[in-house]
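For reference, the structure is listed below as C-alpha cells.
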Amino acid sequence: MTPSTPRSRRHAEGALRRALPGVLLTLAAVCCGAYALTHIPERPQGPRYVGAGNATPRTGGTFVFGAGSDLHSLDPHIAYDANSYMAIRLVFDGLLDYDEQGQMVPSLASAMPEVSEDGRTFTFHLREGVLFHESPVFDGPRELVAEDVRWSLERLLHPDTGSPGVSFFARLRGFDDFRAGRTPHIAGIDVRGRYEVAFTLDQADQTFLSAMAMVFAYPVPHENYEHHIAQGDPGAVERNPVGTGPFVFEAWERGVQLTFTRNKRYWERNRPNPDRMVLIEQLSGETAVGRFSNGDLDVLTSLPAVHYLFFKHAPAWAPYMAEEPEATIRGLCMNTGMAPFDNVHVRRAVAAAIDREAMRVMAQGRALPAGQILPPMIPGYDPGLPSLQRYDLARAQEEMRLAGYPNGIEEPVTAWIGEGQGSLVAAQLWGANLERIGIHVEYRQVAFSVYLEETGKPGQAQLFPSAWNMDFPDPSNFLEILFHSQNIHPTASENRSFYRNPELDALLDQARGEPDRERRLALYRQANDIVSRDAPWAFLSNDLGAELWQPYVMNYRPHPVWSNDYRNVWLDLPRVRVADSTYTEGATP
C-alpha cells in the first residue's frame, strides 16, 4: 500500500458523502419512475361510450366533427374544396344527389328528369312545398320554385361571380351570349311553370346530369344575395348561407367552429337527425385523436400515421372503422407558366425523381403509389399506360440534362404547402428526392384558405402539393377539370398547373359528347397518356381512406361520392360509459 492510500481513501469517502444526496435523489427518481410506469393508466383500447341500444332512429343530441384546416366559403357557387362541402351539404340540397351506392337519384326534383330524343333537353319537375330556411331576408316562409333554379344557375355563370364551376355548364344554349353580356338570361334555361324548368344544350354532354348533382348547381334564394349587397357587404353571403337542406346555419366563429341546427321544416318529414351539428376548424390530427378517444369528437377522419396502426389493430374499434381506397389523386402540381416548370423535361425529371414507395411506407401503407391521374376505380384507368410515371433516378437525371441543367438548377424553387407539421414532413420527403437531381426546394407554409386562393392565380405559385377528390365518378372530372385550358382563369382556376395543350383540349371536347361508352373511354385513355407524358403534375398516390366513428353514431358509412358526409346520421342517446355498460370488446351494442 502506498503512502497516498489514506489520502485517496479520505478523498473517496468525502466524495461519496458529497454525492450521496444526489445518488439518493436519483434512486428516488428511478423508483418513482418505475412506480409511475407500472401505475400510469393504459391508453383506452376501445370506445369510451356506447349507445343506449335504441332500435328506432330518433332525433336529438349534438354531433361534433372537424376539419384539419379552415373552411374557404359557404357559398355553393364559390366553394370547391372538401372542407367547405362538409358544411354546404348540411345547409343545401340539389335537384339531384347520389345514394349510398353511388347511384344518381332525385332530391329537390320529384323524379329524374325527362330527356329529349336528341339527348340535349332535360326537363325537371320540382317537389312542391320545399321551403328555404327561416331568415331575416324573408318576410315569411318562402317556397323554392323553378325561378330560383334559373336565378341560381345564372348567378353561378355570371362573370362577376368568378365561380370555378362555370365549365361544367358551358354547353347550355346561349352560354357564350350570356357570359359576354349580350343577353340578360341564358336561352337554354326555360322556366315553364312554378315547379318546372328545362335545360337545353347546344351540344350533347354526357356529364350534364352529373354537373346538376354538384354543389355548384344547388338552388339559393336571390333575397340572401340582395340583402347583403344592400348592406354594403356582398361577400357576407359566403358567411351566412340560406338553403333548403336538413340543417340551418347558426354561426361561424372564423378559425374556431361552425354550428348548425336541425331544420324542423325540412321537406323530408320525420327525418331523424341531431338537433345540433358542430364543425370544429383547424383540428389537427393529434388533437382529433385525443378528443375522439375521450368521446369528445364523434368521427375521426384525419388519422395521423402514428395512430393508424393502433386503431387498425384494436379489436374494440373494428366495428366502427372503415378502410377502403378513395377516388383521390395526390401529386405535385407544377406551374407550367413559370420557370423552370415551363420546360417539359424538368417536369418529367420531377415525376421520375420521387420515390413513391418511400411515401407509402411513411404513410403506413395508406398512400397507394400512383403514376397517372385516374384512380383505379375510375373508368379509363390504365395499368399499362405507356407514359406511366414511375420512380427512375437515372431517367430523372437524363431529363435534367435534356432540360439544359446537367448540374442542377441554381435558383431554388418555392413550394407552397399547407399548415401543420404533417404537411411539412411530407414535403421534406419529396423535397429531398428533388435535391438529388439538383432542384433545391424552399417551403412556404400558408393557411389552407390562402393556399386555395393563391394557387388558383397564374404566375403565383411555382410548385405545390395538390390533391383531387372526384365530384362524380367519370374520367372527365379528373382530366377535363384539371388540365383543359378552358379551366384557366385570372382567379380560382381549376387547372392550377396552367397547362395548355390544343391536342388534349380537342380530345376532351370530343369525349364529353361521345354517346358510345367504349369510344368515349378510348378518347380518355389517349388523354390520360398525354397528361402523364407532359407531366403538369407528378402523380404520387391514391388514398387508402380510414375513418372511425363512435358506437352511438348511427346510419353512417363513408359515402362513395361525398367525403365526410354527415347529413343522414342520428345519435343513439343517451350514450353510456363503457365501464357502466355490458359492452365487450368487438361487440356492437
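The values are calculated or read from the model by the stated rules, or taken from the named source; none is laboratory data. Just so we're clear, the structure is a prediction, and the values are computed from it rather than from any experiment. All Cβ positions, glycine included, derive from the backbone under ideal geometry; neighbour counts span all protein chains shown.
Considering only segment 434-454, state which residues are under 26 Å from the mean Cα position of the chain (by Cα) and not hydroxyl-bearing (S, T, Y). Of everything in segment 434-454, those that are under 26 Å from the mean Cα position of the chain (by Cα) and not hydroxyl-bearing (S, T, Y) turn out to be V441, E442, R444, Q445, V446, A447, F448, V450, L452, E453, E454. Please tell me if A251 is among the small types (G, A, S), within 23 Å of the chain's Cα centre (by Cα) and farther than 19 Å from S110 by Cα. Spelling it out, A251 is indeed among the small types (G, A, S), within 23 Å of the chain's Cα centre (by Cα) and farther than 19 Å from S110 by Cα. Entry remark, segment 532-576: residues being modelled with pLDDT under 95 and not acidic (D, E) number 11 in total.
Starting from residues that are of a type in the set (S, T, N, Q) and buried (at least 17 other Cβ atoms within 10 Å of the Cβ), keep the ones in segment 275-308 and report whichever is farthest from the chain's Cα centre (by Cα). It would help to see each step written out before you state the result.
From segment 275-308, those of a type in the set (S, T, N, Q) are 282, 284, 287, 293-294, 301-302; that's our starting set.
After this cut, where a residue has to be buried (at least 17 other Cβ atoms within 10 Å of the Cβ) as well, the list is 282, 284, 293, 301-302.
Details: Q282: 14, S284: 15, S293: 23, T301: 11, S302: 11 Å.
Per the stated criteria, the residue is S293.
Here F311 does not qualify as surrounded by 15 or more Cβ atoms within 10 Å (Cβ to Cβ) and either among the small types (G, A, S) or in contact with a Lys or Arg (Cβ under 6 Å, 6 or more places away or on another chain) (or both).
Within segment 503-520, the set of residues being in contact with a helix residue (DSSP H, G or I) (Cβ under 8 Å, 6 or more places away or on another chain) and either on the phi > 0 side of the Ramachandran plot or assigned to a helix (DSSP H, G or I) (or both) comprises E503, L504, D505, L507, L508, Q510, A511, R512, R520.
When G255, G235, G162 are checked against the criterion of being surrounded by fewer than 17 Cβ atoms within 10 Å (Cβ to Cβ), assigned by TED's automatic domain parsing to the domain that holds S84 and closer than 30 Å to L482 by Cα, a single residue qualifies: G255.
L523 satisfies every condition listed in (1) under 24 Å from N335 (Cβ atoms); (2) hydrophobic (A, V, I, L, M, F, W, C); (3) assigned to a helix (DSSP H, G or I) except (1). Do we have D118 as of a type outside the set (S, T, Y) and closer than 25 Å to A251 by Cβ here? Judged against the criteria, D118 is not a match.
Quick one: is A415 part of a strand (DSSP E or B), buried (at least 20 other Cβ atoms within 10 Å of the Cβ) and either assigned by TED's automatic domain parsing to the domain that holds F539 or not hydrophobic (A, V, I, L, M, F, W, C) (or both)? Criteria met by A415. Elements of the type helices (runs of 4 or more DSSP H) sitting completely within segment 297-412 and holding at least 1 residues that are among the acidic types (D, E): these cover 356-362, 393-403. Only a single item in (1) free of Cβ contacts under 8 Å to residues at least 60 places away in the same chain; (2) surrounded by 21 or more Cβ atoms within 10 Å (Cβ to Cβ) is not met by F124, and it is number (1).
Looking across segment 412-442, the residues that are β-branched (V, I, T), more than 20 Å from Y391 (Cα to Cα) and touching an Asp or Glu at 6+ places or on another chain (Cβ under 9 Å) come down to V413, T414.
Restricting segment 177-204 to residues that are at pLDDT 95 or above and under 16 Å from D118 (Cβ atoms), the residue that is surrounded by the fewest Cβ atoms within 10 Å (Cβ to Cβ) is D202. As for segment 522-542, it holds no residue that is over 20 Å from S387 (Cβ atoms) and either outside the structural domain of A352 (by TED's automatic domain parsing) or surrounded by fewer than 20 Cβ atoms within 10 Å (Cβ to Cβ) (or both). Would you check which residues across segment 357-372 are buried (at least 17 other Cβ atoms within 10 Å of the Cβ), over 15 Å from P325 (Cα atoms) and at pLDDT 95 or above and list them? Listed by number, the residues that qualify are G371, Q372.
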